Amino acid sequence: MSKVLANRYELLGRVGEGGMSVVYKAKDRLLNRFVAVKILKPEFIGDQKFIDSFRRESQNAASMSHPNIVNIYDVGREGNIHYIVMELIEGKALSDYIKDQGPMAYPKVIALSKQIAAALAFAHKNHIIHRDVKPHNVMITPNGTAKITDFGIAKAVNAATIVDNTDGIVGSVHYFSPEQARGGYVDEKSDIYSLGIVMYEMLTGQVPFDGDNPVNIALQHINSEMVPPSQLVDGVPPALEHIIMKCCDKYPVNRYASAEDLIEALNNLDFVSSVVGDSVLMGGGAAAGREKARRQESKGRGPLAETDYDDGEDPADEYREGTRKGKAFNKKKKKKMIIIGAAAAAVVLILALILALTGGEEIEAPDFSGLTYEQAEQMAEEYDVKIKLGDEVISETVDKGIIVSQDPEAGETIKTGSTITVNVSKGLGDGSVPNVVGMMEGDLSEFLNGTGFELGAVTQQASEKPEGTVLKQTPEAGEEVEKGTKIDVVVSDGSKAQGTVPSLLGYSVSEAQSLLANEGLKLGNVSSEYSSSYGDGEIIYQQYKAGTKLTKNSTVSVTISKGKKPEPTTVPSTQDAEDNEPED
């Protein structure tokens, strides 16, 4: 007999498994449709903080509806089973797609990347950061639609990554941003970095950083330079490579400001390709044109095949007929020539614009790192380039007023007269105090260090909130103070926190302990009695009724069944034995 959750979702069979959950195909009996049900693995149900994060993030994701996001229909718990009900995708993960196809054609990479970026843009507008963008979390439908999933546990996965050596979690480190690898503050640009790594893998068939252990890979994200995709596979458009490298810049400020900006860059790449063709996009020139002609001829078509008449009629026959049909043919030919001429004019115009923008002598971009802006201005004059002030960025290693990074980077081939944007360090800088109210005490130090602040004094206060929950902070969130300032907090001691007694009848002692732990309660005394209604070891009585509110860490005593009471045995008396003796 199949398992049914919430008297509604009938589990039909397992369809996938990750590091922290198992996914089943299920039948929604109420709406008569197939769905996917993700169930948290039993080993994680005892971590209350993780359960709270799982539920909160899942509910946030359920509020989003977008064609490139897997829809979440329901989130719930039954007993010690925590589950998410979501849209069932009849397709396969992008990770399998890459594994089967290897390096993908760049137009396909662009198309899928725009869809994934659209999903992230929508999530970011809803103030949700995915934090675990990777091919395994992107499903591809049979019609080529990309749908991103796993918004439900992304935040929890991020908190456990590297620390927990669990399959499916460690793998995420291949797509981590440098700030995630350092355990720092994560925002929308972290998702953009991860998407850049996914684009890199789609284009080349491999990830840019790999190693024997997750710590080694994380360090590569922080310190190692990425090998450009064009050095691994042929035919990578330089403009697409630039987009990927910009997404994967180690400094968040140098990445695209938003997923919308990334989509715009990909759309511009598509537009140029559609108007001027691959030969210009690839920088192939005449050689690319000759290759295109060669491919046409190899298919049994002449060099003019793409602009030749393809309606199955012989033009000479039309002229010989001298009929109205021949005149119609002439009009058709003239119309085609006008279209071809207009397209050619557009190509010439775009090429002229490209030449105008890229005119000048080719040089290597000078290295402005370590200089002040004024010093860089002087050097720029020597190289006949322009310099533009970009952003002031926080840096723990570069002094205030010194250039941290530049775009284009030092050594890149540029034209004289080009403009180089530089980003200047503001040291630890001044910043807005982050909001830590509601966070757990154990997460504070890492979080505050990642945002440039430090944890100050920690005091406790009686509260109904779970023990360690931050109730107040000083300075308050949003205040502008000097980076490095200590943030004092007041946390709950949990003394007034309450848990709800679950129904324990019919469960074993170990199951009861788990159910109580989920509510912050403990198992008390265990006694036993005979019972004809419950099997041996099953709970037949609990001290408090289900639904009762108790202070956290309170105990609940139970009585378990010893099974059915044995029937009494009767020993015959001596007199009975004598009476039953046979007569002589």
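Each reported figure results from applying straightforward, stated rules to the coordinates on display, with no laboratory input. Values in this document were obtained by computation on a predicted structure and should not be read as measured data. Note that we place each Cβ from the backbone using ideal geometry, even for glycine, and neighbour counts take in every protein chain shown.
For the reader, a short list of remarks on this structure follows.
- 13 Å beta-carbon shell around Gln231, net charge (K/R +1, D/E -1): -3
- Site pair Asn268 and Glu412 shows an inter-label distance of 1.2 nm when each label is modelled 7 Å from Cα along Cα→Cβ.
- Cα-projected label distance for Lys564 with Gln461, points at 7 Å along beta-carbon direction, nm: 6.0
- Karplus-derived HN-Hα couplings along segment 177-183 (A = 6.51, B = -1.76, C = 1.60, θ = phi - 60°), whole Hz, x at Gly and Pro: 7, x, 5, 5, 5, 7, x
- Per-residue Karplus couplings for segment 481-486, computed as 6.51 cos²θ - 1.76 cosθ + 1.60 with θ equal to phi - 60°, are listed in order as 9, 5, 4, x, 4, 7 Hz, Gly and Pro entered as x.
- R0 of 30 Å, Cβ-Cβ distance Asp261-Thr474: FRET efficiency to nearest 0.05: 0.20
- Of Lys250/Lys472; Lys38/Lys250; Lys189/Lys522; Lys99/Lys189; Lys125/Lys483, pairs whose Cα-Cα distance is over 31 Å: Lys250/Lys472; Lys38/Lys250; Lys189/Lys522
- Extension gain, Lys496-Thr555: 0.36 nm per intervening residue step, less the Cα-Cα distance, totals 19.7 nm.
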